[in-house]
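Engineer: Have a look at the structure that comes next, please.
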Amino acid sequence: MHVSKLRGKGDSLPSMKTPESLRHLRIAIILVLSVLVLGTVGYMLIEGLSFVDALYTTIGMMATVGNEVRPLSEPGRLFTVVVIILGVGSLLYTFGVGMEFIIEGHFSEALRRRFMENKIAALRNHYIVCGFGRVGSQIVEEFATARLSFVVIDEKESNVRACAQHGYLTLQGDATSDEMLREAGIEQAKCVLVATDDDAHNISITLSARHLKSQVFIVARANHAETEAKLKLAGADRVLSPYTIAGHRMANLATQPGVVEFFDTLTKAGGVELAVEEMVVATTSPLVGKTLVEAQNTLSSGAMIVALKKPSGLMPGSRLEARIEAGDTVIVVGAPEQLAAFQGKNKTSSS
């Protein structure tokens with residue numbers, strides 16, 4: 001399946017490029033190795049030395065120590081002059097670019113990136129947040145409060161630094177790139193949240209994510225009304241418009257402030273008084289086969305089942321005759337300890 005990359009006006013290429021000093025360091029190492037090979041082969045051919053003796057002599061000449069396993073012939077001495085000049089020059093160049101690499105901080109950055117890549121590779125059922133702007137930063141804050149595992153992808157160096165300061169796992173690059181999504185562990189990810197402020201980027205990221213993992217849950221941001229249908233066609237499971245949500249919320253705050261406050265309490269991460277959770281009903285759960293009213297009557301933890309989610313859609317708790325089946329998702333409200341007791345007793349697993 002071919003996935004095309006869409007770019008909006010003003011989009012830039014990935015900003016995660018190989019530092020110039022790192023490129024120079026690679027060249028320097030190649031130069032040193034080349035002189036080693038040249039000197040070793042030269043002494044073997046000119047002086048008839050063994051490989052070990054030729055290598056020993058070459059290293060001694062490059063370091064200006066002057067190691068000789070035996071006196072050299074005239075051609076050998078002339079060749080030694082070439083080895084010394086090339087060897088000293090390549091070593092000085094390597095020392096210079098090595099210092100540049102360390103001073104500019106690329107060495108520590110390379111170690112940090114390697115450490116982060118190892119941590120990301122170990123993640124399972126995590127969340128990938130594409131974009132660390134006003135929307136993305138709020139998503140990440142909620143995840144951090146709820147102690148969920150997540151990875152942030154952003155092109156801007158300032159945003160990546162801000163994530164690093166908070167200790168977030170972050171990758172700098174273009175989230176429309178398949179390789180970048182793979183690096184973020186999309187094969188093991190539970191959900192991808194597409195939250196950039198560019199609709200063309202969001203469509204392209206959604207296409208790539210759906211192409212790489214057909215079962216991943218994708219929540220995408222639409223900055224314009226006409227983009228919502230395109231994002232759904234691209235493979236987004238849910239499409240949200242920050243402006244529509246903000247307008248709806250403001251209207252509800254004006255007309256039903258108490259209701260809004262109640263639901264804020266339920267959904268706020270880290271709430272200690274009351275919380276809401278989704279739980280997948282296991283095949284061994286005693287809830288299997290019971291109606292909602294029967295299931296509620298068997299609960300002694302104090303938690304309350306407020307809705308039932310089936311493959312066909314969400315059923316409110318008022319549908320008391322609805323029967324619970326294995327694999328269904330129950331939405332439960334209660335205090336954190338009540339939810340923990342409900343989950344343990346009924347052998348359910350958090351979705």
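Engineer: Simple spin-label model, 7 Å along Cα-to-Cβ: H248 to N118 in nm?
Structural biologist: If labels sit at H248 and N118, their model points lie 4.5 nm apart.
Engineer: Taking every pair of distinct Cα atoms and averaging 1/r, then inverting, what Kirkwood hydrodynamic radius in Å comes out for segment 197-305? If you can, show how the numbers build up before the last one.
Structural biologist: Values: mean 1/r = 0.0571 Å⁻¹.
Averaging 1/r across every pair of different Cα atoms and inverting gives 17.5 Å.
Engineer: Holding the Cα-Cα limit at 31 Å, pick out from K119/K290; K156/K310; K156/K230; K119/K213 the pairs that are longer than that.
Structural biologist: Details: K119/K290 42 Å; K156/K310 40 Å; K156/K230 26 Å; K119/K213 21 Å.
Among K119/K290; K156/K310; K156/K230; K119/K213, the Cα-Cα distance tops 31 Å for K119/K290; K156/K310.
Engineer: While we're here: I need the calculated FRET efficiency for the pair F263 and I30, taking r as the beta carbon distance and R₀ as 56 Å, to the nearest 0.05.
Structural biologist: On the way: r = 62 Å, r/R0 = 1.11.
Calculated value: 0.35.
Engineer: Points 7 angstrom from Cα along the Cβ direction at K309 and S241: gap in nanometres?
Structural biologist: 2.4 nm
Engineer: Evaluate segment 164-233: find the radius of gyration of its Cα atoms, find its Kirkwood radius, and give the ratio Rg to Rh. Walk me through the intermediate numbers first.
Structural biologist: On the way: Rg = 12.3 Å, Rh = 12.6 Å.
Ratio of gyration radius to Kirkwood radius for segment 164-233: 0.97.
Engineer: Among (1) 134; (2) 142; (3) 220, which is the computed volume of the Cα convex hull per residue in Å³?
Structural biologist: Here volume of the Cα convex hull per residue in Å³ agrees with entry (3).
Engineer: After finding the eigenvalues of the alpha carbon gyration tensor for segment 123-201, what semi-axes result from the square roots of 5 times each, listed largest first in whole Å? It would help to have the intermediate numbers written out before the result.
Structural biologist: Values: eigenvalues 51, 48, 28 Å².
Whole-Å semi-axes of the equivalent ellipsoid: 16, 16, 12.
Engineer: Order the following by accessible area, largest value first: M61, M304, M44. Probe radius 1.4 Å; ligands, DNA and RNA are ignored. Don't skip to the end; give the middle numbers.
Structural biologist: On the way: M61 5, M304 110, M44 75 Å².
Ranked from most to least accessible, the order is M304, M44, M61.
Engineer: Extending each Cα 7 Å along its Cβ direction at Q138 and N67, get the distance between those two points in nm, one decimal.
Structural biologist: With each label placed 7 Å out from Cα toward Cβ, I get 6.6 nm.
The values are calculated or read from the model by the stated rules, or taken from the named source; none is laboratory data. What you are looking at is a predicted structure, and each value in this text was computed from that prediction instead of being measured. So basically every Cβ, Gly included, is an ideal-geometry build from the backbone, and we count neighbours across all protein chains shown. Just so you know, the surface numbers come from the protein's heavy atoms only, side chains and all, with ligands and any DNA or RNA stripped out. Shrake-Rupley method; radii C 1.70, N 1.55, O 1.52, S 1.80 Å.
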